[in-house]
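Student: Right, I'll just put the structure down here and ask away after.
The values are calculated or read from the model by the stated rules, or taken from the named source; none is laboratory data. Computed from a predicted model, the values in this text were never measured in an experiment. Cβ atoms come from the backbone with ideal geometry, glycine included; neighbour counts cover every protein chain shown. Note: areas computed on protein heavy atoms with side chains; ligands, DNA, RNA excluded. Shrake-Rupley method; radii C 1.70, N 1.55, O 1.52, S 1.80 Å.
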Amino acid sequence: MISEEQFQNELDLIIANAVREDVGDGDHSSLACIPESAQGKAKLLVKDEGVIAGVAFAKQVFSYVDPKLKMEVLVKDGAPVKFGDIVFYVEGSSQSILKAERLVLNAMQRMSAIATKTKSFVSLLDGTNTKILDTRKTTPGIRALEKWAVKIGGGENHRFALYDMIMLKDNHIDFAGGITKAIQKTQDYLKEKGKNLKIIVEARNLEEVDEILKSDGVYRILLDNFDYEQTREAVQRIGEKCLTESSGGITEDTIRKYAECGVDYISSGALTHSVYNMDLSLKAV
């Protein structure tokens, strides 16, 4: 996984690019009618129900736009919220608050929706040893925010990108000439480049599971589109040799049954690609 420094660099890039995109050469609506010296206060109002996420990110946005802005946080990331709750107050330059408003709302609405959905998946796994993972099926440019929201919701992050973990999927295997060749070539590559990356290998059936198990050094086997019976059999065959992960069309209706098959992880793209933004507003006090 990426380091905290790399993650913060991603956040810095997101903020800088979003402000560039939204503000350009100035927020002329505010500049036209609000004096530069005007001071104001606003509240983040919840008009929905779920898990709040993005409070810490909002603090970074306000600080980037104007270091003199001050936040009073009433509800922390990961807490349940309901209609009418006030998450925080922000106080300072009225122009600065308005400049940051849309970025804060866009990010928090999206992050809160993801955290809420993740929390619902986590609750469905309660009592099992299975953990929920996100995927790379994220919105281009804001992956760091969406994966952060998954963590806030109680899930775990899969690899961040193509560079921090090896995942040999069906196309890699087919292009490489088979599972064994793909694994061997990967291990040779990592040794040559001096890289220490974990290797995940996808299996499409039980025969491929058996072939993967013949090679050492595999961190996790991805059981793609297996049914319950195949999943239970695969988990039994794999045993303690490596970790297991189920994926492929797993929904809220089926996730519990897959967990009960004994897999270590279940990955779901739906955590990040199929959510409805939480309704939030930033209102002047």
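Student: How many residues, within the stretch 24-39, are assigned to a loop (DSSP other than H, G, I, E, B) and either surrounded by fewer than 13 Cβ atoms within 10 Å (Cβ to Cβ) or over 34 Å from the mean Cα position of the chain (by Cα) (or both)?
Tutor: 8
Student: I've got another one for you. Can you spot a residue in the stretch 158-166 that is of a type in the set (Phe, Trp, Tyr), modelled with pLDDT of 95 or more and outside any loop (DSSP other than H, G, I, E, B)?
Tutor: Within the stretch 158-166 (the criterion being of a type in the set (Phe, Trp, Tyr), modelled with pLDDT of 95 or more and outside any loop (DSSP other than H, G, I, E, B)), the answer is no, since none of the residues qualifies.
Student: Now, a different point. Within the group Ala42, Ala56, which residue is in contact with a Phe, Trp or Tyr (Cβ under 9 Å, 6 or more places away or on another chain), in a strand (DSSP E or B), of a type outside the set (Asp, Glu) and open to solvent by less than 60 Å² (accessible area, probe 1.4 Å)?
Tutor: Checking each option against the conditions leaves just Ala42.
Student: Next up: Would you mind finding the one in Lys47, Lys41 that is touching a Leu at 6+ places or on another chain (Cβ under 9 Å), at pLDDT 95 or above, within 19 Å of Lys283 (Cα to Cα) and among the basic types (Lys, Arg)?
Tutor: The match here is Lys47.
Student: Follow-up. Restricting the search to the stretch 1-48, which residues are touching a residue at least 40 places away in the same chain (Cβ under 8 Å), out of contact with any strand residue (DSSP E or B) (no Cβ under 9 Å at 6 or more places or on another chain) and of a type in the set (A, V, I, L, M)?
Tutor: Answer for the stretch 1-48, where residues must be touching a residue at least 40 places away in the same chain (Cβ under 8 Å), out of contact with any strand residue (DSSP E or B) (no Cβ under 9 Å at 6 or more places or on another chain) and of a type in the set (A, V, I, L, M): Met1, Ile2, Leu11, Ile14, Ile15, Ala16, Ala18, Val19, Val23, Leu31.
Student: With respect to the numbered conditions (1) under 20 Å from Val90 (Cα atoms); (2) assigned to a helix (DSSP H, G or I), which one is the sole condition not fulfilled by Glu21?
Tutor: (1)
Student: Follow-up. Here is a list: Val90, Val51, Val61. Which entry is open to solvent by less than 20 Å² (accessible area, probe 1.4 Å) and in contact with a Pro (Cβ under 7 Å, 6 or more places away or on another chain)?
Tutor: Result of the check over Val90, Val51, Val61: Val51.
Student: Looking for whichever is in a helix (DSSP H, G or I), closer than 23 Å to Glu146 by Cα and β-branched (Val, Ile, Thr) here; the options are Val87, Val75, Val61. Which one fits?
Tutor: Within the list Val87, Val75, Val61, the selection yields Val61.
Student: Let me ask something additional. Scan the stretch 114-155 for residues that are open to solvent by 60 Å² or more (accessible area, probe 1.4 Å) and under 30 Å from Ala16 (Cα atoms) and report the count.
Tutor: Residues meeting the conditions: 6.
Student: Hand me the list of helices (runs of 4 or more DSSP H) wholly inside the stretch 178-258 holding 1 or more residues that are of a type in the set (S, T, N, Q) and closer than 21 Å to Val122 by Cα.
Tutor: Answer list for the stretch 178-258: 228-238.
Student: With the requirement that a residue be in contact (Cβ under 8 Å) with a residue 12 or more places away in the chain, open to solvent by 70 Å² or more (accessible area, probe 1.4 Å) and farther than 17 Å from Thr254 by Cα, what does the stretch 213-235 give you?
Tutor: Matches in the stretch 213-235: Lys214 only.
Student: Would you be able to tell me the number of residues in the stretch 248-265 that are closer than 25 Å to Asp164 by Cβ and either aliphatic (A, V, I, L, M) or free of Cβ contacts under 8 Å to residues at least 40 places away in the same chain (or both)?
Tutor: The total comes to 3.
Student: Which of the residues that make up the stretch 241-261 are over 21 Å from Arg159 (Cβ atoms), open to solvent by 70 Å² or more (accessible area, probe 1.4 Å) and at pLDDT below 95?
Tutor: Glu252, Asp253, listed by residue number.
Student: Exactly one of (1) over 25 Å from Lys147 (Cβ atoms); (2) surrounded by 15 or more Cβ atoms within 10 Å (Cβ to Cβ) is unmet by Asp264. Its number?
Tutor: If we test Asp264 against (1) over 25 Å from Lys147 (Cβ atoms); (2) surrounded by 15 or more Cβ atoms within 10 Å (Cβ to Cβ), just (1) comes out false.
Student: Listed residues Val65, Val104, Val55, Val51; which is touching a Ser or Thr at 6+ places or on another chain (Cβ under 6 Å), farther than 30 Å from Asp264 by Cα and in contact (Cβ under 8 Å) with a residue 24 or more places away in the chain?
Tutor: Result: Val65 is the single residue among Val65, Val104, Val55, Val51 that is touching a Ser or Thr at 6+ places or on another chain (Cβ under 6 Å), farther than 30 Å from Asp264 by Cα and in contact (Cβ under 8 Å) with a residue 24 or more places away in the chain.
Student: Still on this structure: Out of all the residues in the stretch 24-47, which are closer than 11 Å to Gln95 by Cβ and of a type in the set (Val, Ile, Thr)?
Tutor: Ile34
Student: Still on this structure, I have one more. Of the conditions (1) outside any helix (DSSP H, G or I); (2) closer than 18 Å to Gly141 by Cα, Leu11 fails just one. Which one is it?
Tutor: (1)
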